[in-house]
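Here is the structure we will look at, set down as structure tokens.
The values are calculated or read from the model by the stated rules, or taken from the named source; none is laboratory data. Since the model is a prediction, treat every value here as computed from it, not as a measurement. Cβ placement follows ideal geometry from the backbone for every residue including glycine, while neighbour counts extend to all protein chains displayed. Surface areas here come from the heavy atoms of the whole protein model, side chains and all, with no ligands, DNA or RNA. Shrake-Rupley method; radii C 1.70, N 1.55, O 1.52, S 1.80 Å.
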Amino acid sequence: MKNDNFVIQGDICWSTSLTALKTMPDAFLVCVEGKSAGVYPQLPQRFAELPLFDYRGKLVIPGLVDLHIHAPQFAFRGLGMDMELLDWLDSHAFPEEAKFNDIDYARSAYGLFTEHLKRSSNTRFVVYATVHVPATLLLMELLEESGLVCMVGKVNMDRNSPDSLREYSAASSLEATREWLGAADTYTRVKPVLTPRFIPSCSDDLMRGLGALRREFNLPVQSHLSENRSEIEWVRKLCPASGSYGAAYRDFDLFGNDTPEGGPTVMAHCVWPDENEIALMARRGVFAAHCPQSNANLSSGIAPVRRLLLAGVPVGLGSDIAGGTSSSVFRAMADAVQVSKLRRVLLDNDDKALTLEEVFYLGTVGGGVFFEKSGMGRCGSFEPRYDFDALIIDDSSLATSGWRTAPFALSIRDRLERTVYLGDNHTIAAKYVQGRLITA
Ligand code: GUN
Ligand code: FE
């Protein structure tokens with residue numbers, strides 16, 4: 001199906017704010033030229049001629065947004081999960097990523113990755129590739145063909161990593177980045193995002209050069225921030241003058257969009273930010289990609305999501321494959337609720353645990369705003385003029401007996417909660433991105 005105009009009928013649900021869901025049973029969601037034209041309890045006469053797709057009895061929700069995923073790490077999901085971050089990078093992530101120097105290996109691995117994403121609950125992704133330009137362009141091509149909407153970064157790293165993966169110098173890394181950017185603007189649904197791996201991997205010269213590229217090409221930025229305590233200690237030694245990890249990115253002009261040039265920044269993890277770092281993120285509109293499964297797997301900790309939200313930091317969710325093992329943002333939502341409860345109990349503090357409504361907002365609108373600020377369309381909602389990104393969920397297999405029948409019938413809100421906790425790929429009946437049906 002192309003960007004046709006059509007109507008979907010089903011049990012429709014979306015976020016209207018951080019704390020509120022809108023639900024409409026057996027309602028009509030209209031797609032006009034790839035965008036939502038609104039949700040209606042009865043189909044307005046002006047849309048009566050459009051094709052109607054009958055998803056009655058199924059849930060219809062906005063496509064989910066994964067703000068942080070490493071494409072080359074897909075191959076070793078579920079391995080090394082008894083390690084901490086820095087050892088796991090050395091033993092698992094770096095050796096696997098080095099293989100993407102071989103374009104045939106990359107074609108096979110990224111082919112499997114792309115097919116997996118097509119079948120997942122997510123419609124949009126912010127993706128780390130590797131340092132390699134040909135493999136990164138190949139990944140962008142595969143993702144473009146898939147119909148998914150993605151931001152993809154060629155990784156920069158010129159220090160503290162093995163020779164097999166490390167770029168030779170700041171100058172050669174920047175030259176490769178220019179080459180990549182020159183070739184990367186041929187895609188419509190896939191756009192480049194500047195990707196310094198994290199401060200320990202990037203020399204000061206490289207970071208300065210990337211800050212200049214960001215301004216020259218008006219680019220968004222992704223990186224990692226305050227994930228693990230040994231990492232933070234290391235950054236303190238590497239950038240003693242900056243005062244904090246976040247301030248070090250700021251000093252290289254890679255932290256937020258408070259200048260007319262340069263797109264927004266998303267920082268994965270933010271597990272250990274202090275008050276100053278949180279305030280700096282809020283002031284500069286830096287997004288946090290909360291990756292609760294990865295933070296548990298790699299013993300990183302529990303991010304203070306409630307404090308980030310109260311301070312005004314924009315927050316979305318990430319799978320962080322392969323720190324995280326599941327690519328489903330449903331799983332990230334469930335984990336975000338669970339770890340917020342552990343945080344409250346273990347720290348004995350007043351931060352309220354996250355609710356289903358809040359994590360659903362973070363996994364749809366919250367991450368979606370990063371795409372909007374990057375000029376890639378509004379997504380995560382069914383309000384008029386949002387891109388028509390929709391998931392159709394057949395939750396009948398999650399049913400316990402009699403759930404559809406009064407007095408046992410579940411509300412749409414409760415069916416959504418159950419899908420967040422129990423749903424997996426087999427419950428996805430269809431997925432639309434910008435009005436196109438994505439078939440795996
Ligand atoms: N910090 C730097 N690189 C990585 C990575 O690949 N995964 C995670 N979780 N953190 C990182
Ligand atoms: Fe990561």
| remark: Listed by first then second residue, the pairs whose first member lies in the stretch 230-257 and is within 20 Å of N295 (Cα to Cα) and of a type in the set (S, T, N, Q), whose partner is open to solvent by 20 Å² or more (accessible area, probe 1.4 Å) and assigned to a helix (DSSP H, G or I), with beta carbons under 8 Å and at least 6 positions apart or on separate chains, are S230/L86
| query | Before we move on, is I278 over 14 Å from the mean Cα position of the chain (by Cα), among the β-branched types (V, I, T) and modelled with pLDDT of 95 or more? | reply | yes
| task | With the condition kept exactly as written, say whether any residue in the stretch 219-227 is within 15 Å of ligand 1 (Cβ to nearest atom), surrounded by 23 or more Cβ atoms within 10 Å (Cβ to Cβ), closer than 17 Å to C270 by Cβ and hydrophobic (A, V, I, L, M, F, W, C). | result | yes
| Of these, D90, D104, which one is within 16 Å of ligand 2 (Cβ to nearest atom) and part of a helix (DSSP H, G or I)? | D90
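Among the residues in the stretch 265-272, are any part of a loop (DSSP other than H, G, I, E, B), surrounded by fewer than 23 Cβ atoms within 10 Å (Cβ to Cβ) and in contact with a helix residue (DSSP H, G or I) (Cβ under 8 Å, 6 or more places away or on another chain)? Step through it out loud before you land on a result.
Step one: filter the stretch 265-272 for residues part of a loop (DSSP other than H, G, I, E, B), giving 270-272.
Checking which are surrounded by fewer than 23 Cβ atoms within 10 Å (Cβ to Cβ) leaves us with 272.
Retained after the next criterion (residues that are in contact with a helix residue (DSSP H, G or I) (Cβ under 8 Å, 6 or more places away or on another chain)): 272.
Taking every residue of the stretch 265-272 in turn, at least one turns out to be part of a loop (DSSP other than H, G, I, E, B), surrounded by fewer than 23 Cβ atoms within 10 Å (Cβ to Cβ) and in contact with a helix residue (DSSP H, G or I) (Cβ under 8 Å, 6 or more places away or on another chain).
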| remark: Within the stretch 70-87, residues away from ligand 2 (no atom under 11 Å from the Cβ), part of a helix (DSSP H, G or I), closer than 21 Å to V126 by Cβ and not aliphatic (A, V, I, L, M) come out as P72, F74, F76
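With a cut-off of at least 3 residues that are closer than 27 Å to P304 by Cα and among the small types (G, A, S), name the strands (runs of 3 or more DSSP E) lying wholly within the stretch 137-251.
On the way: elements: 149-153, 190-192, 221-225.
Per the criteria, no element qualifies.
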| remark: Expected output for the stretch 329-349 (first residue closer than 24 Å to T364 by Cβ and open to solvent by less than 30 Å² (accessible area, probe 1.4 Å), partner in a helix (DSSP H, G or I) and hydroxyl-bearing (S, T, Y), Cβ below 6 Å, 6+ apart or cross-chain) is A334/Y421
